Amino acid sequence: MNDKSAKDSHRRPGAPRRWLVRSLVGLPLLLIALALGIWTSVRASLPQLDGDAAIPGLSAPVSLGRDALGTLVVEGRTRLDVARGLGFAHAQERFFEMDLTRRSAAGELSALFGDKALERDRSRRVHRLRARLTDRFEQLSGEDRLLLLAYTEGVNAGLHALPMRPWQYLLLRARPQDWTPVDSLLVIAEMYFMLQRTSFETGFERAVLRERAGDAVFDWLSPRGGRWDAALDGSQLAPPPMPTPEQLDVRQVRMPDAPASGPAVSVAEPPVLGSNNWAVAGTRSTHGGAILADDMHLGLGVPAIWYRAQFQIGSGANGLRAAGVTLPGLPALVVGSNGAVAWGFTNAYGQWFDWVELPPDAKPSTHTETLEVHGGPAVTMTVSEIDGAPIVATDGQRRFALHWIAHQGAAYNLELDRMLQMRHVSDALSLAQRAGMPHQNLLAADRDGQIGWTIAGRLWAQPGLPDGFGRFVAPTAMRREWLDPDRAPQVLSPAQGQLWTANNRQLDGAPGELLGDGGFDLGARAQQIRDRLSARDKHDEASIGAIHHDDEARFMKTWAARLLAVARGDAATHPTHRAFVQLLENWNGRADADSAAYRLVRQARLRVLDTLWDAWTLPALGDRQLDPKRRIRWRNQFEYSAARALDERPAHLLPAAYASWDALLLAQLDAAAREIAPDGNLGGATWGAQNASRIQHPLAKAIPALSRWLDMPSAPQSGDSNLPHVAGPAFGQSERLVVSPGREEQGWLSMPGGQSGHPMSPFYGAGHQDWVEGKPTPLLAGPVIHRITAHRD
């Protein structure tokens, strides 16, 4: 062996060790460098908070100020300048969410997320809303087009001013596309979907149920009113007749796979309806001014759906200040106060649709739609329509088209923006009746002390109830005429000095027939709000605002009394039922987070309603009820029929698995206890453990590892669906407003999340903890701590 070979033989064994050492040192450095690069890139997309900016089209400089919560204070010489400034801020803080909204409405999510979004896109693309709204934009008034164009200029200026594209696009390896005026109309369309989709889906199920069950049983299963009604006109609807044994007898109906103890019941939460608003006139306030409260209930996410803003248009005596919430993607102040008039909304569950059955020989028109797919080839689909109504459902050889008001151009305009100029309630009601927007219960109050209610949104002239409720209609019955807005129903200056709505039925008679019934909520929330208002002769902002957090479970107390009575009757021989009695007797009657009694009663009620619904619908619906994808579930008004049967105890409506009505109740109470406390610790099975908040970012839902950085902290919650404080894990009060026009300094506006969609922003979760704790947040912006001055580009 020569000297070189000897040296190499000694060097080689050490080489792997040196490589390993270098790798162990280098890998962390590489990971640190990678993390630093990601952090730097994400941080580069932070919104601008101070300095100068350029926005095309400005007539004069615009100030964009922010307070400690990130509330945007936009000051400009003209309304169009303020729209440009708002668009700039929306894009910087929320462009990704705006993009998701327009894509969702248009059926274009696959272009961002790939083929995993195709099924969702197909369900939306069938409505062809981008094509419809492109036509609609050209038909808008010149004033509306200018407002949308100005807002669009601001949005694109804000997007392009970011040093790096929004951080979400870095994760998705995509680039954002510029905003267009039609995209803002698509934001309105997405709100139509959000607020009315449940109604038209329920409408289809009701029509199927009526066909198969017959009118008598259908009316029993789908009552339209009862003891919880709280209509503004004081009307009460008579209950439908109970079916006779000849019409419905379930004594011989056996549920599939029923164990000896009774049928297996799959408990599922019914769709949660939400939004409350209420008002008192000046005659009912301690200071002589009208007071308005509003809490719009929606799905809760990160960032919050709304964006706090304060407009200052002009200056001096002719200047206008308005404060409230905006919806990123639109230039309007959606809810708020302009110093003279305050306004707020709840969803109005009228019948804004028809389900049209096509004749077998009908020849619909067709359109080819192309769906772009991120990372893959484009996909085409054919959309079939009859007189503009898309065919969206089939049943065997039968075809059904959805004739929906959201398909029609006149359902879209920017009238709501002119609420900024309203000075009196009567004018606000008239404007709302002409607004192109999803139908809402508008409550308005003015500084003169007046209050009023109407339906905001364009209405069809033909009544909806007699011909359309729970029925398929022929193409010839499709409604086409628009109601003269001056004929829209309204209540102005009510004698009792108070108004309230909570997604419940508002009117009977001809006005009620005009609105139809798209699935009103049970009136329990509305009734409790009405009674809270009536309990005091005079109110102030504090007493009005306290109703937001009212957790008394008046509705559920009726179920607690029913269950307690049967548990007492069996407590002597059944130790578990003695525990039920003790728990229910000690309940404070509230939907408190630390209450196990409330959770038990609630779960038992759901099981009872599921049991009765399954037994009463199986004879008519058969196998459909056994298919989870096709099963028709009960809706909130079914409460009336179930409660009446439990009170009157007709033998022919008692499911066959139970020897008595008491046995049915006890079986569901036992099953509910096992479900909420499988370990037997019933006292520890609190409502807050089930009702903990779960307010998530959309990307964290797809990538759970991101939750710790993107989601809001989870917290046990009081409140529920049939009382004023509506609160679910991911659904609830998306804002809480209290304001008396002219006294905005005493008003408050709380929100569940912050202004910004950027997790590194100081405003990402600002205000969330106060919302959780129920602490009022001032309506008006505090001192400005950041300011951008925008100049014309």
Which order do 278, 661, 220 fall in if you start with the one that has the fewest other Cβ atoms within 10 Å? 661, 220, 278
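Find out how many positive minus negative residues lie around residue 485, taking Lys and Arg as positive, Asp and Glu as negative, among other residues whose Cβ is under 12 Å from that of residue 485. Mind showing how you got there, number by number?
Working: positive: 434, 458, 487; negative: 415, 484, 486.
After counting each charged neighbour, the total is 0.
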Prolate/oblate/rounded call for the stretch 700-780, Cα gyration tensor, a/c under 1.5 rounded: oblate
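At 20 Å minimum axial length over the Cα atoms and a Kyte-Doolittle cut of 0.5, report the qualifying DSSP H helices in the chain, or say none.
15-44, 661-676
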With a ≥ b ≥ c taken as the square roots of the eigenvalues of the C-alpha gyration tensor of the stretch 44-190, please select rounded if a/c is under 1.5 and otherwise prolate if a/b is larger than b/c or oblate if it is not? oblate
Cα-based shape type of the stretch 231-385, given that a ≥ b ≥ c are square roots of the gyration tensor eigenvalues and the cut on a/c is 1.5: oblate
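Could you tell me the calculated FRET efficiency between residue 397 and residue 568, based on Cβ-Cβ distance and R0 = 56 angstrom, to the nearest 0.05? Write out the running numbers ahead of the final one.
Details: r = 56 Å, r/R0 = 0.99.
Result of the calculation: an efficiency of 0.50.
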What's the longest piece of the chain with no exposed trypsin sites (Lys or Arg not before Pro), counting a site as exposed if DSSP puts it in a loop and it has at most 10 other beta carbons within 10 Å? 174-628
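Which percentage, to the nearest 5, of the DSSP beta bridges contained in the chain is antiparallel? List each step's numbers first, then the result.
Numbers: 78 of 92 bridges.
Around 85 percent of the beta bridges assigned by DSSP in the chain are antiparallel ones.
For the peptides 767-776, 371-380, what is the packing order when you average, over each peptide's residues, the other Cβ atoms within 10 Å and list the highest mean first? Each step should come with its number before you reach the end.
Values: 767-776: 16.4, 371-380: 13.0.
Output ranking for 767-776, 371-380: 767-776, 371-380.
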Sorted by Cβ density within 10 Å, fewest first, the residues 654, 171: 171, 654
Assuming R0 = 45 Å, what is the FRET efficiency of residue 626 and residue 238, from their Cβ-Cβ distance, to the nearest 0.05? 0.85
Where the centre of each part is set by its Cα atoms, how far does the stretch 601-659 sit from the stretch 404-433, in angstrom? 42
Within the stretch 656-745: Cβ-based charge dipole about Cα centre, in debye rounded to nearest 20 (Lys, Arg +1; Asp, Glu -1): 300
Could you give the size of the charge dipole of the chain about its Cα centre, using +1 on the Cβ of each K and R and -1 on the Cβ of each D and E, expressed in debye and rounded to the nearest 20? 2300
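Using the count of nearby Cβ atoms within 10 Å as a rough guide to exposure, how do 232, 320 rank from fewest to most? Walk me through the numbers before you get to the answer.
Values: 232 21, 320 16.
Result, fewest neighbours first: 320, 232.
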Which value at 222 nm does the chain reach when only helices count, each DSSP H run of 4 or more adding -39,500 (n - 2.57), with the total divided by all residues and rounded to the nearest 500 deg cm²/dmol? -11500 deg cm²/dmol
Binned at 10 Å starting from 0, the alpha-carbon pair-distance distribution of the stretch 531-606 in whole percents comes out as 18, 39, 24, 14, 5, 0
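No value in this document is a laboratory result; all are computed from the given coordinates. Nothing here was measured: the structure is a model prediction, and the numbers come from that model. Every residue, glycine among them, receives a Cβ derived from its backbone with ideal geometry; neighbour counts consider all protein chains shown.
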